[in-house]
Amino acid sequence: RAKESGRNRFKVFTERMLESAVDLLTLENDMRRGLANDEFHVAYQPIMDLAGSDIIGFEALARWDHPDRGAIPPAEFIPMAEESGLIIELGEWVLVQALRTLAGWRNETDGTDDIFMCVNLSSKQFARTDLDKIVVRALERYGLPPSCLKLEITESSIMGNPESSLRILNRLRKAGVRFSIDDFGTGYSSLSQLQQLPVDTLKVDRTFISRMRTDPENMEIVKAVIALGHSLDLNVVAEGVENPDQLCSLLNLSCNSVQGFYFHEPMSAAKAKDLLKQRTQKTAEDTREKLALA
Ligand code: C2E
Ligand code: MG
Ligand code: MG
Ligand code: MG
């Protein structure tokens, strides 16, 4: 009998495994089709300068509107895209969309010359040794200066292939493209590695920001990361700022910039353009108002 129940357990187990494997395959096929059928778009989330509370840049974020399942979050389709290699195609598509959009804003809206665009890079994209050429070609295609592009890498995305990744990063840096380290604090990079990377921005991971006001240890981590960033002459961006208390602490810690729902959620290119048009000197006033709520 023991054998019997063991066999049943095995059967249930393999059926579940098969189901989830089939789910993943379906999702992968759907994604291939989705890329061909315009089911993807890019959302843009403003990044704000803390002192003036003005928009200084945007982060391009992939969005998928599945015809049957509705919006599928990146947390679901990005890992799958990385697993299957589709991230290479998706990542390049997002890059081109984001640059095309930025070029449109620059042509049609005043005061946008200094606005930068952040695009996420996955580790798989570093497997292509011609990544730098793809990026430079995309910039040229839209007549954009390389300095308006900031590529977001994570500590782990370059660990897979540190030497060749570093070569690509350095070539792009030489071309004038800038880099941020995304989700900083969640990976394993050592300080000496950090010093070697041609980055100019650290993005403090959202998990630390979300707990900084309730957990003193997280507050200390945020403090330490901001101090580290500044001592290495890097800009520090706080991700996921959701309330005035967090903003107030970050201002006290001289964090350089912020990104989060308290300011703006990711939005369509059209909405972002409207926002850029409305941008006036009254932004400083807004900060004072926002801080008054703390
Ligand atoms: P990320 O690069 O760290 O992007 C920031 C994420 O935080 C975005 O989630 C954004 O919507 C979210 N966020 C921003 N402010 C707040 C806030 O105040 N509160 C909360 N709760 N969340 C906030 P999203 O768009 O769901 O993307 C998740 C992750 O998926 C991204 O994290 C990035 O790692 C990945 N991803 C998205 N688009 C791409 C892409 O085109 N290529 C690659 N390689 N990865 C992407
Ligand atoms: Mg990012
Ligand atoms: Mg991030
Ligand atoms: Mg993050």
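Assorted remarks:
- Residue tally, condition more than 7 Å from ligand 1 (Cβ to nearest atom), open to solvent by less than 50 Å² (accessible area, probe 1.4 Å) and within 19 Å of the chain's Cα centre (by Cα), over the range 57-73: 4
Table: residues versus (1) farther than 21 Å from P146 by Cβ; (2) open to solvent by 50 Å² or more (accessible area, probe 1.4 Å); (3) more than 16 Å from ligand 3 (Cβ to nearest atom); (4) at pLDDT 95 or above.
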{"position": "T26", "(1), (2), (3), (4)": "yes, yes, yes, no"}
{"position": "A36", "(1), (2), (3), (4)": "yes, yes, yes, no"}
{"position": "H41", "(1), (2), (3), (4)": "yes, yes, yes, yes"}
{"position": "E76", "(1), (2), (3), (4)": "yes, yes, yes, no"}
{"position": "L90", "(1), (2), (3), (4)": "yes, no, yes, yes"}
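- Residue in the range 133-155 that is within 16 Å of ligand 4 (Cβ to nearest atom), of a type in the set (A, V, I, L, M, F, W, C) and touching a Ser or Thr at 6+ places or on another chain (Cβ under 8 Å) present: yes
- Subset of the range 189-199 that is under 18 Å from V119 (Cβ atoms) and over 15 Å from the mean Cα position of the chain (by Cα) - its residue that is farthest from ligand 4 (Cβ to nearest atom): P198
- Checking the stated criteria, E155 turns out not to satisfy the condition of being of a type in the set (D, E) and open to solvent by 50 Å² or more (accessible area, probe 1.4 Å).
- Flag if S254 is assigned to a loop (DSSP other than H, G, I, E, B), among the polar types (S, T, N, Q) and surrounded by fewer than 19 Cβ atoms within 10 Å (Cβ to Cβ): yes
- The one condition from (1) over 23 Å from V241 (Cα atoms); (2) at pLDDT 95 or above; (3) of a type in the set (D, E, K, R); (4) not in a helix (DSSP H, G or I) that R63 does not meet is (1).
- Criterion applied to K277, K203, K271 was being touching a strand residue (DSSP E or B) at 6+ places or on another chain (Cβ under 9 Å), over 30 Å from M159 (Cα atoms) and of a type in the set (K, R), and the one residue passing it is K271.
- Just one of (1) under 18 Å from L35 (Cα atoms); (2) more than 16 Å from ligand 3 (Cβ to nearest atom) fails for E82. It is (2).
- Looking only at the range 89-145, residues that are in contact with a strand residue (DSSP E or B) (Cβ under 6 Å, 6 or more places away or on another chain), among the β-branched types (V, I, T) and part of a helix (DSSP H, G or I) come to 1 in all.
- Residues (among the aromatic types (F, W, Y) and closer than 19 Å to V119 by Cα) located in the range 224-279: F261
- Listed by first and then second residue, the pairs with beta-carbon distance under 8 Å, at least 6 apart or on different chains, first residue in the range 199-216 and in contact (Cβ under 8 Å) with a residue 24 or more places away in the chain and of a type in the set (D, E), second open to solvent by less than 30 Å² (accessible area, probe 1.4 Å) and away from ligand 1 (no atom under 13 Å from the Cβ), are D200/F179; D200/L234.
- Residue match in the range 223-231 (condition: within 15 Å of ligand 4 (Cβ to nearest atom), at pLDDT below 95 and either open to solvent by 10 Å² or more (accessible area, probe 1.4 Å) or under 24 Å from E242 (Cα atoms) (or both)): yes
- Total residues in the range 127-138, condition surrounded by fewer than 22 Cβ atoms within 10 Å (Cβ to Cβ) and either over 20 Å from the mean Cα position of the chain (by Cα) or not small (G, A, S) (or both): 8
The values are calculated or read from the model by the stated rules, or taken from the named source; none is laboratory data. Nothing here was measured: the structure is a model prediction, and the numbers come from that model. Ideal geometry is used to build each Cβ from the backbone, glycine not excepted, and the neighbour counts take in all protein chains shown. We work out accessible area using only protein heavy atoms, side chains counted, and drop any ligands, DNA or RNA first. Shrake-Rupley method; radii C 1.70, N 1.55, O 1.52, S 1.80 Å.
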